[in-house]
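Written below as structure tokens is the structure these notes are about.
Where a number appears in this text, it was derived from the coordinates with a stated rule and is not lab data. Here the structure is a predicted model, which is why all the values come from computation and not from measurement. We place every Cβ from the backbone using ideal geometry, glycine too, and count neighbours over all the protein chains shown.
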Amino acid sequence: MTDLAKTFVVTGGTGALGTGVVELLLARGATVYLPIHEPALPAHLPWRTNARVKATPKVSLEDEAQVAAFYASVPDLWGSIHLVGGFAMAKLAETSLAEFEKQWRLNTVTCFLACREAVKAMRKAGNGGRIVNVGSRPVVSPTPGMISYVASKAGVAALTQSLAPELLAENILINAVLPSTIDTPANRAAMPKAEHDKWPKPAQIAETIAFLASPANVLTTGALVPVFGQA
């Protein structure tokens, strides 16, 4: 088991995948800082009272000044994991510019701002660091009918690959995981006839993220890591 007794940021930490990632990081000794849109951590989260969870409420990850202020407040940052985002499904002719821009902001802009400010915080700490972004399987295996979502996640993938050589000399490694449909209650409800057992579980994806974000990862950077399960 990898020791993760370092400081991490997790965006989107209150979602289904984020909950699993935070739980795993805490189990391995991490202190986790969470920028959350809500006024307080939701009551159902199993780790909400853990002393190593530091939540900052009412942070919009689409707001440049708010993201900068949040990361500037995090001491000795080692890892930053970016899970926040959104999904939309519509064909090209049915996709408005407003919806396209909404997906771009939810997925690509939030990732860009978090990466930029995380790098600044890691440089201040002076110990290198690890960044993990979340793309999506359709980036490498195109799926019709979700043009705005796929384009925005492709932006995340390109950002990840472009930053890898830029940051390597500073021992800041950056990767992205590419999940297929994740096995969550919401996705099961939306697709009740699907083969849910083949979907990747949040805890399984969290294991891959934790390795990529750990000091044990000394070689992998700029990778788009498939976490498809059998789906």
What order do you get for 4, 106 when you list them from fewest to most C-beta neighbours inside 10 Å?
-> 106, 4
Please give the net charge around residue 15, taking every other residue with its beta carbon less than 13 angstrom from that of residue 15, where Lys and Arg add +1 and Asp and Glu add -1.
-> -2
Stretch gain in nm, segment residue 65-residue 216, where the contour uses 0.36 nm per residue and the Cα spacing is subtracted = 51.1 nm
Mean residue ellipticity (222 nm) of the chain, computed from DSSP H runs ≥ 4 via -39,500 (n - 2.57), nearest 500 | -11000 deg cm²/dmol
The size of the Cβ-based charge dipole (Lys, Arg +1; Asp, Glu -1) of the chain about the Cα centre, to the nearest 20 debye, is 220 debye
Around residue 214, with a cut-off of 9 angstrom between Cβ atoms, what is the net charge of the other residues, counting Lys and Arg +1 and Asp and Glu -1?
-> +2
Excluding residue 38 itself, what net charge comes from residues whose Cβ is under 14 Å from its Cβ, given Lys and Arg +1 and Asp and Glu -1?
-> +2
